[in-house]
Amino acid sequence: MPIRSGLPLVLALAGLAFVLGGTSQASAQVARPMVTQRIDERQLVTLAGNTRPEAIAQNDRGRVADTRALDHMQLLLKRPAELEAALDGFIETLHNPASPNFHNWMTNDQFDAQFAPAAADVRAVTKWLTAAGFQIETIHGNGLLIDFSGTAGQVRAAFHTEIHALDVGGVAHIANVSDPQIPAALSPVVAGIVSLHDFRPHRMYKPRTDFTFTSGGRQFEALVPADLTTIYNLGPLFSAGISGQGQTIVVIEDTNVFSTSDWTTFRSTFGLSSFTGGSFTQVHPAPRTGRNNCTNPGVNGDDGEAILDAEWASAAAPSAAIELASCADTSTTFGGLIALQNLIAAATTPAIVSISYGECEAENGATMNAAFNTAYQQAVALGISIFVSSGDEGAASCDANQAKATHGIGVSGFASTPFNVAVGGTDYGDTFAGTVGTYWNATNGTTLGSAKSYIPEIPWNDSCASLLLTMSHGSTVPYGTSGFCNSTTGKASFLSTASGSGGPSGCATGRPSTTGIVGGTCAGYAKPSWQAGIVGIPSDGVRDIPDVSLFAANGVWGHYYVFCYSDPSGEGSAPCTGSPSGWSGAGGTSFSSPILAAIQALVNQHVGARQGNPNPVYYALAATEYGAGGSTTCNSSLGNGVAASCIFYDVIQGDMDVNCTGTHNCYLPSGTNGVLSTSNTAYQPAYKTGTGWDFATGIGTVNAANLVNNWSTATAAARLASRISR
């Protein structure tokens with residue numbers, strides 16, 4: 001049922017149109033050359049913020065041989081500042097319904113012609129690389145990315161940094177041990193080397209291996225596709241014939257799936273095979289020109305991530321084509337980044353992409369952050385919608401997969417750019433409230449679902465720092481000697497950073513003074529123009545995440561996702577035979593990102609076009625719904641009592657706070673374990689939910705049918721608003 005589309009929506013979108021402005025077209029201009037001086041190898045500048053935190057003396061096992069091959073390294077260039085500003089302004093007009101440019105997406109040829117750096121600059125850099133002995137493999141059409149190969153000795157001579165062997169917790173790695181340097185004459189056009197190491201981003205899912213089911217086969221509290229359909233109101237869309245027909249959702253990986261039959265089994269078991277248009281393929285996209293840098297990765301330890309991405313994207317858009325795009329990791333470059341870059345630069349581009357990997361900004365490094373920002377920026381200019389998992393470690397993204405936070409507040413550099421949707425994670429609040437029977441049937445339906453309706457939501461949080469977990473175990477506070485995090489139960493079972501992620505961008509650029517900790521010359525991305533107008537958004541001047549959330553828990557309150565993953569050597573794998581009660585179970589924003597991407601596929605199908613960055617519409621719709629004081633009828637805590645017209649459900653109960661030690665954003669008044677806080681001297685948890693937008697869940701979660709049905713209404717209202725405001 002569409003919500004009202006009267007004056008409040010018009011006024012909200014009038015504000016959006018005003019903020020986005022409106023030039024009529026991208027001004028054709030040739031980039032001015034920035035390499036204007038002779039290249040002098042004696043005059044060097046340092047590319048700061050490009051050394052891994054693991055490259056320290058205690059891990060060092062010495063310099064690798066000069067002959068060590070380093071294949072498909074990437075040198076990232078940059079545009080003149082005025083051209084960069086022109087591109088950002090043009091992208092805003094592409095998303096402004098009041099602009100003549102609205103949704104007039106560029107082709108790659110147009111993008112390259114208008115927003116590439118000066119050809120003379122690209123020639124100067126490639127000539128320098130070639131003179132240093134490197135092999136130029138390919139130059140992406142936009143001129144911003146040079147793929148090149150060489151040896152460790154050539155890197156040492158040209159970039160003045162050594163590649164060393166490292167032993168990190170018994171795992172062998174290689175990495176540069178100091179920031180690279182380049183001739184000062186090239187510094188105006190060179191952003192940096194994307195990576196000179198073999199550390200890889202972490203996948204965003206948390207296996208659930210000890211879950212149980214009640215007697216009688218009841219799949220109580222474990223989510224299957226039918227539950228997703230009920231809870232987030234996908235059913236009316238499916239009944240209306242909107243289930244992803246003609247749409248393709250790309251999931252980015254650095255692996256293939258263990259078995260494509262897992263995807264087929266998942267669909268047949270849960271009733272999705274009745275949607276006959278659905279398909280699954282795996283591709284390894286090559287660059288448009290030059291030597292192929294994308295080889296078939298085969299199957300590696302990330303195949304559990306790959307199959308759950310593919311299965312749950314299909315669960316929300318069962319008639320869509322699911323395309324897994326993967327490339328093998330090279331000696332220095334994440335294969336998922338290569339796949340993404342090649343897809344974006346292709347002659348035919350996808351409309352929707354989901355990424356379920358991440359690394360915190362402060363450890364990712366300034367150039368790696370810039371590489372993702374640059375790729376997403378081009379993507380949205382082409383009309384591509386990019387969805388990225390916000391993370392699985394609360395506001396402590398530099399402490400992913402750890403038992404405690406030690407690096408303070410930080411967010412994922414994969415998710416914090418202004419050009420992607422950062423997708424956070426929730427849990428269901430019925431167990432805490434004692435209302436399980438209200439929201440789950442005692443037996444499963446024909447497609448094994450048991451959810452009755454929308455269910456109240458809370459942030460996903462496995463940590464003893466969670467106030468809801470604290471209360472449920474009889475404590476009053478999580479911190480201090482007598483607090484839950486220092487209790488026997490808290491220390492035994494709930495010391496964890498596992499939690500849906502969010503926070504302010506803090507180190508997208510610059511270099512931290514202490515490795516992995518926001519500080520030094522670090523700076524976050526500026527707040528996008530569209531991230532405004534909603535109660536709760538802080539006036540902090542930076543990009544804040546997440547944007548939208550969906551269920552992502554891995555069982556702390558008994559709720560988790562079921563998926564088919566049969567690799568006997570994989571983490572959390574199980575045979576996909578018999579009842580799904582014996583299948584794999586997990587949580588994480590790895591699930592919520594492909595699901596929201598799939599919901600966007602339903603939007604695209606309904607309106608008949610790709611949408612670029614969906615955030616301007618998400619935020620405009622949320623501003624209308626929440627107003628200046630929040631919505632009393634779209635409060636998630638109402639559960640099955642929420643209004644039928646809600647597009648977003650405002651999650652206002654709970655927090656995503658995690659336990660910590662040390663002195664970085666850690667409130668530790670006494671005891672061994674403290675809680676992550678914006679203050680070291682007071683309890684200011686990072687972060688609680690609140691009315692409207694918050695760091696724990698962003699805008700909140702979504703009613704899919706209402707989002708789809710109101711999408712066209714929103715853009716039409718914005719056009720009307722622009723006429724009213726003239």
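The values are calculated or read from the model by the stated rules, or taken from the named source; none is laboratory data. All of these numbers come straight from a predicted model, not from anything done at the bench. Neighbour counts are summed over all protein chains in view; Cβ atoms, including those assigned to glycine, are modelled from backbone coordinates with ideal geometry. Ligands, DNA and RNA are stripped out before the accessible areas are found, and what is left, the full protein with its side chains, is counted by its heavy atoms. Shrake-Rupley method; radii C 1.70, N 1.55, O 1.52, S 1.80 Å.
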**OP:** Show the residues, 5+ positions off or on another chain, whose built amide H is closer than 5 Å to the amide H of C666.
**Re:** S677
Original post:
What distance in nm separates the simple spin-label points at V30 and T672, each placed 7 Å from Cα in the Cβ direction?
Top reply: 6.8 nm
**OP:** For semi-axes √(5λ) of the Cα gyration tensor in Å, several values are listed as [x] 38, 34, 27; [y] 38, 30, 26; [z] 82, 23, 21; flag the one computed from this structure.
**Re:** [y]
Subject >> Global form of region 385-447, assessed from the alpha-carbon gyration tensor, a/c cut-off 1.5 >> reply: oblate
Original post:
Hey, what's region 443-559 come to in accessible area per residue, 1.4 Å probe, Å²?
Top reply: 33 Å²
**OP:** Answer rounded, prolate or oblate for region 402-551, using the Cα gyration tensor with square roots of eigenvalues a ≥ b ≥ c: rounded when a/c is under 1.5, else prolate when a/b is larger than b/c, else oblate.
**Re:** oblate
**OP:** With label points built 7 Å along Cα→Cβ from the Cα atoms of Q181 and T681, find their separation and express it in nm.
**Re:** 4.2 nm
Subject >> Spatially near lysine pairs across the chain, Cα under 19 Å, sequence gap of 8 or more or different chains >> reply: 4
Original post:
Around I163, with a cut-off of 15 angstrom between Cβ atoms, what is the net charge of the other residues, counting Lys and Arg +1 and Asp and Glu -1?
Top reply: -3
Original post:
Whose amide H sits under 5 Å from the amide H of L77, counting only residues 5 or more places off or on another chain, with H placed in the peptide plane?
Top reply: L145, I146, A191
Subject >> Å² of accessible area per residue within region 285-359, as computed with a 1.4 Å probe and no ligands counted >> reply: 21 Å²
Original post:
In region 103-145, how does Rg compare with the Kirkwood Rh, expressed as the Rg/Rh ratio over alpha carbon atoms?
Top reply: 1.10
Subject >> Alpha-carbon centroid distance for the pair region 75-102 / region 124-145, whole angstrom >> reply: 25 Å
**OP:** Report, to the nearest whole %, how much of the accessible area of the chain belongs to carbon and sulfur atoms, 1.4 Å probe, protein only.
**Re:** 52 percent
Original post:
Calculated FRET efficiency, D109 and S239, Cβ-Cβ r, R0 45 Å, to nearest 0.05?
Top reply: 0.60
Subject >> Loop-located GluC sites (Glu not before Pro) in region 22-127, at most 16 other Cβ atoms within 10 Å (DSSP) >> reply: E41
Original post:
Which value in deg cm²/dmol, rounded to the nearest 500, describes the helix-derived mean residue ellipticity at 222 nm for the chain, given -39,500 (n - 2.57) per DSSP H run of n ≥ 4 and division by the residue count?
Top reply: -8000 deg cm²/dmol
Original post:
What is the gain in length, in nm to one decimal, between A131 and H160 on full extension, counting 0.36 nm per residue of separation less the C-alpha to C-alpha distance?
Top reply: 8.9 nm
**OP:** Let me have the relative contact order for the chain, percent, based on Cα pairs under 8 Å that are six or more residues apart.
**Re:** 17 percent
**OP:** Using only Cα atoms, tell me the angle between helix 704-725 and the longest principal axis of the chain; keep it within 0 to 90° and round to the nearest 10.
**Re:** 60 degrees
**OP:** Assuming a ≥ b ≥ c are the square roots of the Cα gyration tensor eigenvalues, decide whether region 244-293 counts as rounded (a/c under 1.5), prolate (otherwise, with a/b larger than b/c) or oblate.
**Re:** oblate
Original post:
Among S261, S679, what's the order by accessible area (1.4 angstrom probe), most exposed first?
Top reply: S261, S679
**OP:** Please give the contour-minus-distance gain from T348 to S493: 0.36 nm per residue of separation, less the Cα-Cα distance, rounded to one decimal in nm.
**Re:** 47.3 nm
**OP:** Kindly state, to the nearest 0.05, the FRET efficiency for R123 paired with V299, given R0 = 51 Å and r defined as their beta-carbon distance.
**Re:** 0.80
Subject >> Exposure rank, largest accessible area first [V64, V518, V168; 1.4 Å] >> reply: V518, V168, V64
